[in-house]
Amino acid sequence: EIKSMDRGVVTIETDYSDSDFTITWIDIVSIKSKQTYLMTLSNGTRINSSMYTKEGDSALVTLIGHNNETVKIEDIVYINPVKQKFMSRIKASVSFGYNVTKSNNLSQLSINSNISYTAYKWRLHGSYNEVRSNQDSVEATSRVDASVGLKYFMRHDWFYSLSGDFLSNDEQKLELRSTIKSGLGKYIIHSNRMSFGGGFGLAFNNEKFNDINNTNRNSLEAYLGLALDVFDVKDFNLNTNVTFYPSLTEGGRYRADYNLNLKYDLPLDFFIKLGLTYNYDSKPVEGASVSDYVFQ
C-alpha cells in the first residue's frame, strides 16, 4: 500500500513487515495503482487520479482519470491516498518531555504537537508547543505558542490562507498575543528537492501584557512572509521561515517572527539537529525585552 509521497520520498506499507519502506520517488522504475490519490504537480496543479508508469519509459507517469495525461515522474511532488473515511485524512503527532533534578528542585515540562487534515482543495492544520520551568528561588518561566490555520489551494500554486497564532511569553511580559491573519500566498519553487514560497496580507493583533500597567494593545498590521524547505541536498535538511509585521496603526512599530530547523544525517541513523525560534518587537511594553528566543 502506498501511504504517501512527500519531500521526494514515497512510503510503502506491506503485510509482511512491521516497518514501512521508504524509497526515493524519482528512482522508481515501475509503479501501477488503481487507488485514487490527491496529487500535486510542480506547476501547482492539484488533481485526483490513479497512476501507472509508461511502459518502456520509467521517467513518465500516466494519470488515469485526468484525461490519461502523461507527466514526468519528477513533476509529481506530493501524493496522498484519497479515502472517504474522515480519520484516514488526519495526520497528528505529539512529543512530551519532563526533566527533574534534585539540585535547586529544578523541573521542566516540554510539549510539541501538531495535527492536519487534507482535502482535495484545502488543508486545515494546528499546533501547540509549550516550555515551562520551575526552580527554587527563581520565578517560574513559561513560553506557549499555538496556531490554527486553513489553506485553500488555487491554480498555478497560489493559495488563500486564514490563520490564528497565539503566544504567551514571560520574557516579553506577554500574557497573550492573538494574531488573526488573512492573505494570499504562492509557491515560487515546488519540486522533489525543495519548496520556496511566500505570502502577504493583513493581520489583526490583540495583546494583553502582565506589566505593572496591565497594558492592552489592539493594532492592525500588514504582514509579509517567506518560507524555504530544502530536503534533498545530500545529508542536509533545512526548514526556515520569517514573517515581518509592520504596524498600520502604531507608528514606528514592527514585529518579526523567525524559525529555523536544520538537520544533518550521520551514519547508523544518527543525526544532529538544530532549532531556533526568535520573536522581535521594536516597541515592547516598559520593562520587557525587545526579543525572545528558544535555541535547541
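The values are calculated or read from the model by the stated rules, or taken from the named source; none is laboratory data. None of the values given here were measured: they were computed from a predicted structure. Cβ sites come from the backbone with ideal geometry, for glycine too, and all protein chains shown count toward neighbours. These accessible areas exclude ligands, DNA and RNA; they are computed on the full protein's heavy atoms, side chains included. Shrake-Rupley method; radii C 1.70, N 1.55, O 1.52, S 1.80 Å.
Hey, among 231, 209, 204, which residue is open to solvent by less than 40 Å² (accessible area, probe 1.4 Å), more than 30 Å from residue 78 (Cα to Cα) and touching a residue at least 24 places away in the same chain (Cβ under 8 Å)?
Values: 231 fails: more than 30 Å from residue 78 (Cα to Cα); 204 fails: open to solvent by less than 40 Å² (accessible area, probe 1.4 Å).
Answer to the check: 209.
The set of residues in the stretch 225-277 being at negative phi and not in a strand (DSSP E or B) consists of 235, 248, 249, 250, 251, 253, 266, 267, 270. Against the list (1) closer than 22 Å to residue 113 by Cβ; (2) open to solvent by less than 80 Å² (accessible area, probe 1.4 Å), the condition residue 183 fails is (1). Consider residue 121 carefully, then state whether it is more than 21 Å from residue 165 (Cα to Cα) and in contact (Cβ under 8 Å) with a residue 40 or more places away in the chain. In short, yes.
Consider residue 98 carefully, then state whether it is of a type in the set (Phe, Trp, Tyr), in contact with a strand residue (DSSP E or B) (Cβ under 6 Å, 6 or more places away or on another chain), open to solvent by less than 50 Å² (accessible area, probe 1.4 Å) and within 28 Å of residue 125 (Cα to Cα). So residue 98 fails the test.
Per-residue answers, yes or no, for (1) surrounded by 17 or more Cβ atoms within 10 Å (Cβ to Cβ); (2) among the hydrophobic types (A, V, I, L, M, F, W, C); (3) out of contact with any Leu (no Cβ under 6 Å at 6 or more places or on another chain):
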| residue | (1), (2), (3) |
| --- | --- |
| 135 | no, no, no |
| 145 | yes, no, no |
| 151 | yes, no, yes |
| 157 | yes, no, yes |
| 217 | no, no, yes |
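The number of residues in the stretch 25-60 being under 24 Å from residue 193 (Cβ atoms), open to solvent by 60 Å² or more (accessible area, probe 1.4 Å) and under 28 Å from the mean Cα position of the chain (by Cα) comes to 3.
Counting only strands (runs of 3 or more DSSP E) that sit wholly inside the stretch 68-112, those with at least 3 residues that are among the β-branched types (Val, Ile, Thr) and modelled with pLDDT of 85 or more are 76-81, 90-101. Residues in the stretch 186-201 that are surrounded by fewer than 19 Cβ atoms within 10 Å (Cβ to Cβ) and either closer than 20 Å to residue 242 by Cβ or touching a Lys or Arg at 6+ places or on another chain (Cβ under 8 Å) (or both): 186, 188, 189, 194, 196, 198, 200, 201. When restricted to residues that are open to solvent by 40 Å² or more (accessible area, probe 1.4 Å), without any contact (Cβ under 8 Å) to a residue 60 or more places away in the chain and not small (Gly, Ala, Ser), the stretch 61-86 contains 12.
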